[in-house]
1. Give the residue that is farthest from residue 51 (Cα to Cα), with candidates limited to residues of the stretch 127-138 that are without any contact (Cβ under 8 Å) to a residue 24 or more places away in the chain and within 13 Å of ligand 2 (Cβ to nearest atom).
2. Identify, please: which residue in the stretch 214-240 is more than 12 Å from ligand 2 (Cβ to nearest atom) and over 13 Å from residue 109 (Cα atoms) and is, among those, surrounded by the fewest Cβ atoms within 10 Å (Cβ to Cβ)?
3. If you take the residues of the stretch 157-174 that are in contact (Cβ under 8 Å) with a residue 60 or more places away in the chain and out of contact with any helix residue (DSSP H, G or I) (no Cβ under 7 Å at 6 or more places or on another chain), which of them is farthest from ligand 1 (Cβ to nearest atom)?
4. Among the candidates 67, 4, single out the residue that is part of a helix (DSSP H, G or I), at pLDDT below 95 and closer than 23 Å to residue 160 by Cα.
5. Kindly indicate whether any position in the stretch 92-105 is closer than 30 Å to residue 2 by Cβ and assigned to a helix (DSSP H, G or I).
6. Taking the residues in the stretch 28-61 that are free of Cβ contacts under 8 Å to residues at least 24 places away in the same chain and closer than 30 Å to residue 148 by Cβ as candidates, determine which candidate is surrounded by the fewest Cβ atoms within 10 Å (Cβ to Cβ).
7. Yes or no: residue 141 touching a residue at least 24 places away in the same chain (Cβ under 8 Å), away from ligand 2 (no atom under 16 Å from the Cβ), part of a helix (DSSP H, G or I) and buried (at least 19 other Cβ atoms within 10 Å of the Cβ)?
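The values are calculated or read from the model by the stated rules, or taken from the named source; none is laboratory data. Small disclaimer: the values here were computed from a predicted structure and weren't measured. Cβ coordinates were reconstructed from backbone atoms using ideal geometry, including for glycine residues, and neighbour counts include every protein chain displayed.
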Ligand SMILES: [Zn+2]
Ligand SMILES: [Zn+2]
């Protein structure tokens with residue numbers, strides 16, 4: 001198949017590039033503004049070690065290969081008419097573009113919550129999700145640190161969605177960029193959201209970095225990805241989440257290292 005030698009390398013490069021650039025960018029921003037801003041927003045006292053970084057980068061790069069293979073399969077399926085990914089805005093208009101993009105994000109949040117929760121069942125955890133939880137103190141590089149079966153479950157959402165909902169290719173691109181950005185932000189190790197101490201107000205329904213960091217510290221709660229509503233509706237929000245966000249906000253206001261209160 002000639003397209004394997006022409007299209008597949010492009011998809012692999014985009015997937016690897018998306019991961020490396022986003023994780024490096026967030027790491028660089030945190031490093032550059034550490035003493036003036038992020039020092040007061042570090043979530044855990046513990047620091048990830050060199051072996052953590054090595055494992056996270058190796059397993060994440062492996063995940064990009066699973067994602068690329070699925071991306072190539074999706075490309076072939078679209079070309080054969082099994083899925084619809086269109087290029088011309090005039091076909092369905094901007095409102096359809098915006099609506100399907102928004103719906104895809106909301107649907108992915110539900111898909112992630114329920115598959116993630118299922119992967120925490122003891123029998124499934126060992127096969128699907130153990131590698132991801134080796135990161136006790138997440139770093140931006142742990143975003144794709146999955147076992148291969150987990151990577152397959154994660155990426156399966158995209159062709160499944162496209163099988164039912166025709167999407168513009170730019171909307172699909174925006175979705176995958178949004179998911180890696182939010183994923184890296186959730187693993188940043190420092191609070192990136194502009195938390196005010198009143199998490200139920202402006203950003204109450206958007207998950208903070210603290211939200212997913214708490215999941216890595218105590219895996220019985222906080223299964224959600226982008227939004228907090230599934231954890232709230234199902235009673236799986238960490239009991240200390242609101243207090244922890246308030247603590248981060250307080251230390252950020254006083255410019256005191258938050259980790260000191262967390263040691
Ligand atoms: Zn995680
Ligand atoms: Zn988990």
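1. My answer is 129.
2. 235
3. Per the stated criteria, the residue is 166.
4. The match here is 4.
5. No, because not a single residue in the stretch 92-105 is closer than 30 Å to residue 2 by Cβ and assigned to a helix (DSSP H, G or I).
6. 50
7. yes
Okay, residues lined up against (1) within 16 Å of ligand 1 (Cβ to nearest atom); (2) over 25 Å from residue 148 (Cα atoms); (3) surrounded by 14 or more Cβ atoms within 10 Å (Cβ to Cβ):
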site: 97; (1), (2), (3): no, yes, yes
site: 104; (1), (2), (3): no, no, yes
site: 113; (1), (2), (3): yes, no, yes
site: 121; (1), (2), (3): no, no, no
site: 125; (1), (2), (3): yes, no, yes
